[in-house]
1. Which is the longest run of the chain containing none of the GluC sites (Glu not before Pro) found in DSSP loop states (not H, G, I, E, B) with at most 12 other C-beta atoms within 10 Å?
2. On average over all directions, what projected area in square nanometres does the chain have, based on the convex hull of its Cα atoms?
3. Going Cα to Cα from Lys439, which lysines come in below 23 Å? Please leave out same-chain ones fewer than 8 positions away.
4. Tell me, how many Å apart are the Cα centres for segment 1-29 and for segment 152-226?
5. With a 1.4 Å probe and all protein chains left in place, how much of the accessible area of the chain comes from carbon and sulfur atoms, in whole percent?
6. In segment 338-403, which trypsin sites (Lys or Arg not before Pro) are in a loop and have at most 15 other Cβ atoms within 10 Å, using DSSP for the loop call?
7. If each DSSP helix of 4+ residues adds -39,500 (n - 2.57) and the sum is divided by the residues in the chain, what number results at 222 nm, nearest 500 deg cm²/dmol?
8. Can you work out the accessible area per residue across segment 1-105, with the rest of the protein chains kept in place, probe 1.4 Å, in square angstrom?
Amino acid sequence: MTVRVRFAPSPTGYLHIGGARTALYNYLFAKATGGTFVLRIEDTDLERSKSEYETLQIDDLKWLGIIHDEGPDKPGKYGPYRQSERQDIYMKYALELVNKDLAYYDFCTDEELEAMRENAGKDGASAHYEGKWKLPEFKAEGMARVAAGEKAAIRFRAPLKEYVLNDRVKGQVTYPKDMVGDFVIVRSNGLPVYNYCCVVDDMLMEITHVIRGEDHLNNTVRQLMIYEALNAKVPEFAHVSLLIGHDRQKLSKRHGATSVNLYRNEHYLPEAMCNYLCLLGWSHPEERDIFDKNDLFKLFSLDRFSAHAAMYDLEKLKWVNGEHLKKMSTTDLISLIEKEPETEFFRQQSAEWKNACVELLKKYASFVTDFPKLVNELILNENPEMTDPLKEIMSWETTPKILNFISSEVHKVQSDFVTEAELNAWMESVKKDMAIKGKPLFMGVRAALTGHDHGPDLKFLIPLTPVNVLKKRVQQLSK
Ligand code: GLU
């Protein structure tokens, strides 16, 4: 069997974190099995669907590197891939269901339906649709009225029996008999509904596995009924666990950014996003936390999903982003940094300086945007802030002596930067000529040259710091 999976977003908003995770799982499963990943746009809600959202969602998927094989922009033999362009197909199958008596025309008005709903379950009344149009004796009238041009909804006749689903994540799910009553598959305005279109499409697109959010588990019973009525093979289902926030409630905007584009704007790395999204409800066979999605092409399987809700943790995502940043090559990082605003100083430096700078600072960075901040703070800052720890170091009797010496040395330097050898020579002089050793030596020199009580290794940091900045710092500290 050749695997065919699909991601079926509704273009009613930006690509949601949960949607991106579903898309990723489908994509990885297709890659792992040599199958095909289809993008289907479920735009039957004409009022809420907007083509710009379709474009934006596809763009976000591309940014994440989740690339579909077939879709509205990549037509294949199973198209069209937008539900709004498949109306004739839905009508054809709906009429077949009516002809086979598996569905019927329903002329009930909204008021009648409302009254039925209010009455549902009371005084022995059925909890479900009990309109007269479900009765066989009204079939001929229904057919005739529609033939005469009257509008009617098409309602599916829900079989009165138990359904069992063997879900790849949730295990065996039993839908009790009488759980759902007859339901509309085509509205009286001619628009088919999600549960119906989804099955027709999955059937015709030969979808073999449906991997989607757990929130669709309740829809599945209606879909199983339609598969049965259409005599179609039921795909395998994997309903992946819900995403929740720290309060254990379903992830929503209340918990912060939930759309992919916001993370994109915040400069998260697409590889890190995929890595983190993948971990929300799935685990690596070697229990690894950090991986590239391309590494999963051989490893991804439906057996490693967790049935428990997955907690969305922004701090962990940030950490994953930092780990991916550290894994990037220095060359790639440099080109990303140079695309950032306010990196003129960085861009003007030599290749050697840039390499050394990125190598030194990357362990402090979680985001590309951290680099310009770190350069400003650790390399270009001319005005040391008199923090309490700095005051403390300055109060030692050895520090003013060191500052005095370093200040005169720094002012002698003619070049733009000092070398590591020059720095070592200063340290040696303090040690030998002033007999200052250990902590007073290291902390004193650090304070004098950086204005900080801690930070990156001086032998790497100082050769990256412009001498004119060092001069300003020692001046400030000497005041
Ligand atoms: N359009 C549905 C959604 O966005 C797709 C559900 C499915 O995958 O069947 O939730």
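The values are calculated or read from the model by the stated rules, or taken from the named source; none is laboratory data. Bear in mind the structure is a predicted one, so any value in this text is a computation, not a measurement. Cβ coordinates were reconstructed from backbone atoms using ideal geometry, including for glycine residues, and neighbour counts include every protein chain displayed. Side chains are part of the model used for accessible areas, which takes the heavy atoms of the whole protein and leaves out ligands, DNA and RNA. Shrake-Rupley method; radii C 1.70, N 1.55, O 1.52, S 1.80 Å.
1. Values: sites that count: Glu47, Glu150, Glu162, Glu266, Glu286, Glu287, Glu342, Glu385, Glu397.
The answer is 163-265.
2. Working: hull surface 122.2 nm².
Mean shadow area of the hull around the Cα atoms is 30.6 nm².
3. Here the lysines satisfying the reach criterion relative to Lys439 are Lys391, Lys401, Lys431, Lys459.
4. The distance from the Cα centre of segment 1-29 to that of segment 152-226 comes to 19 Å.
5. Details: 11650 of 23130 Å².
C and S fraction of accessible area: 50 percent.
6. Values: sites: Lys339, Arg347, Lys354, Lys362, Lys363, Lys373, Lys391, Lys401; in loops: Lys339.
Sparse-neighbourhood loop trypsin sites (Lys or Arg not before Pro): Lys339.
7. Values: 20 runs with 214 residues, N = 479.
Result for the chain, helices only: -13500 deg cm²/dmol.
8. On the way: 4380 Å² over 105 residues.
Computed with neighbouring chains in place, this is 42 Å² per residue.
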